[in-house]
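The values are calculated or read from the model by the stated rules, or taken from the named source; none is laboratory data. Remember, it's a predicted structure, so these values are computed and weren't measured experimentally. Counting neighbours? That spans all protein chains shown, and the Cβs are built from the backbone with ideal geometry, glycine included.
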Amino acid sequence: MKILPFLRNLLLLASLVLGCTDHDIFQEPTQFKSEEVAGELLVPLALTHDANNNLWVTEQGTGSGKSGRVSVITPDGKIYPGITGFLSVISPENAPSGLTHLSYKDGKLYILHGPEGKLYIADISKFKPGTDAPIDAATLPSEDIGSKVKASKFRHPTNESNLYNLTWGPEGDLYITDAAANAVVHRAADKSISIFAEFDPYYTATDTIDFVPTGIVYDGSRFLVTSLSGGPFIKGLATIKQVSTGGTVTPYKEGFTTLVDIELTPGNKPLVVSFAEFSFATTPPDFVPFTGQIQGDDKTTISGGLMMPTDLERTGDKTYYYVSLALAKVFKLTY
């Protein structure tokens, strides 16, 4: 039986539409609605979510003793201690420091501790928030990565290490940004450690400024890494670099300010988090309150006027959460 060309095309279009699911068509965020979900945290820095939609938040603590912890925010908004007893110290910037980022995979949390240079691994597959006692950090297996980073050879050695963020890459290996070494560290399945990529500093007319890698994501073909840029935190200096699976670093986007994290939308497009603008007009010079942003990689502002955000986590097609370090709160973002 013959079918007219226009009818044949119509039938083809109909079959394609019927074959699509809601997840095949992505509406990218252009503006977020914000809602506070948790507060009164102990210098929170980052979060991840597990298979039960619980949020796990790293808290750096009071700056002394074993006050660092990972708390759990359940879907109904209740907060419980999840893992306690992590070391908390005072940083050179005179602020509490300790736990940085974490990632959930297959029932386990992979947790970074910057000052210690360690990767902690916690099995939370059977943990029940609000029912079970918090896990003691001293019982967790850990891996000393920082000392291996310091012993590695670099083009621009700093002799320092500060494990900051992590993502899963090819073959299920971990890739970790080291903010002090200006590098990405590769932790293979056999737990071996190597330097995967190194970032050159920024050169201005008067200064050499560290790259300071912060956020990292793998989009299926390459890594994207954000830069805080070291002091004096020049507006517009921070960049996003792309890193091939072979470790080759090339430019991606530039013109950002104090980037601290990166997340991918369901359509695989990057969103970046700008911490704040830095001002010398204050005494002493400091970051300006409520100048943080969430932006697209074209520098379009999706959410502005944020108070020193440090992490962005996507938990659904149109649901994200971010951490405000200065407000000690977690916010839900939807569109």
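Residue 93 satisfies every condition listed in (1) at pLDDT below 95; (2) touching a strand residue (DSSP E or B) at 6+ places or on another chain (Cβ under 9 Å); (3) acidic (Asp, Glu) except (2). For region 156-166, a tally of residues being of a type in the set (A, V, I, L, M) and in a loop (DSSP other than H, G, I, E, B) returns 0.
For region 234-247, the criterion of a residue being in contact (Cβ under 8 Å) with a residue 60 or more places away in the chain, within 15 Å of residue 212 (Cα to Cα) and not aliphatic (A, V, I, L, M) is satisfied by no position. The set of residues from region 167-203 being farther than 14 Å from residue 226 by Cβ and in a loop (DSSP other than H, G, I, E, B) comprises 169, 173, 180, 181, 188, 189, 190, 191, 192, 200, 201.
One residue alone among 315, 239 is within 20 Å of residue 102 (Cβ to Cβ) and either touching a Leu at 6+ places or on another chain (Cβ under 7 Å) or surrounded by 13 or more Cβ atoms within 10 Å (Cβ to Cβ) (or both), and that residue is 315.
Evaluation of residue 179 against the conditions (1) surrounded by 16 or more Cβ atoms within 10 Å (Cβ to Cβ); (2) touching an Asp or Glu at 6+ places or on another chain (Cβ under 8 Å) shows that the sole unmet condition is (2). Looking only at region 223-266, residues that are assigned to a loop (DSSP other than H, G, I, E, B) and out of contact with any Ser or Thr (no Cβ under 8 Å at 6 or more places or on another chain) come to 8 in all. Only one of the listed residues (265, 310, 258) is of a type in the set (S, T, N, Q), buried (at least 16 other Cβ atoms within 10 Å of the Cβ) and at positive phi. That residue is 258. Against the list (1) small (Gly, Ala, Ser); (2) farther than 27 Å from residue 75 by Cβ; (3) touching a residue at least 24 places away in the same chain (Cβ under 8 Å), the condition residue 304 fails is (3). Check whether at least one residue in region 223-245 is touching a helix residue (DSSP H, G or I) at 6+ places or on another chain (Cβ under 7 Å) and over 26 Å from residue 147 (Cβ atoms), and report yes or no. Scanning region 223-245, I find at least one residue that is touching a helix residue (DSSP H, G or I) at 6+ places or on another chain (Cβ under 7 Å) and over 26 Å from residue 147 (Cβ atoms), so the answer is yes. Total residues in region 87-107 satisfying the condition of being part of a strand (DSSP E or B), farther than 12 Å from residue 43 by Cβ and in contact with a His (Cβ under 9 Å, 6 or more places away or on another chain): the figure is 1.
Return the residues of region 291-335 that are over 14 Å from the mean Cα position of the chain (by Cα), of a type in the set (Phe, Trp, Tyr) and in a strand (DSSP E or B); say none if nothing qualifies. Of everything in region 291-335, just one residue is over 14 Å from the mean Cα position of the chain (by Cα), of a type in the set (Phe, Trp, Tyr) and in a strand (DSSP E or B), namely 331. In this structure, is residue 57 part of a strand (DSSP E or B), farther than 25 Å from residue 173 by Cα and hydrophobic (A, V, I, L, M, F, W, C)? In short, no. Exactly one residue out of 84, 58 is in contact with a helix residue (DSSP H, G or I) (Cβ under 8 Å, 6 or more places away or on another chain) and either exposed (fewer than 14 other Cβ atoms within 10 Å of the Cβ) or among the polar types (S, T, N, Q) (or both): that is 84. So if I check each of 152, 161, 142, 194, which one is touching a helix residue (DSSP H, G or I) at 6+ places or on another chain (Cβ under 6 Å) and on the phi < 0 side of the Ramachandran plot? The unique qualifying residue is 161. In this entry, residue 142 is excluded by the filter for residues that are hydroxyl-bearing (Ser, Thr, Tyr), more than 23 Å from residue 229 (Cα to Cα) and surrounded by 17 or more Cβ atoms within 10 Å (Cβ to Cβ).
Beta carbons closer than 7 Å, at least 6 apart along the sequence or on distinct chains, pair a first residue in region 122-148 that is among the hydroxyl-bearing types (Ser, Thr, Tyr) with a second that is assigned to a strand (DSSP E or B) for 142/118; 142/119; 142/120.
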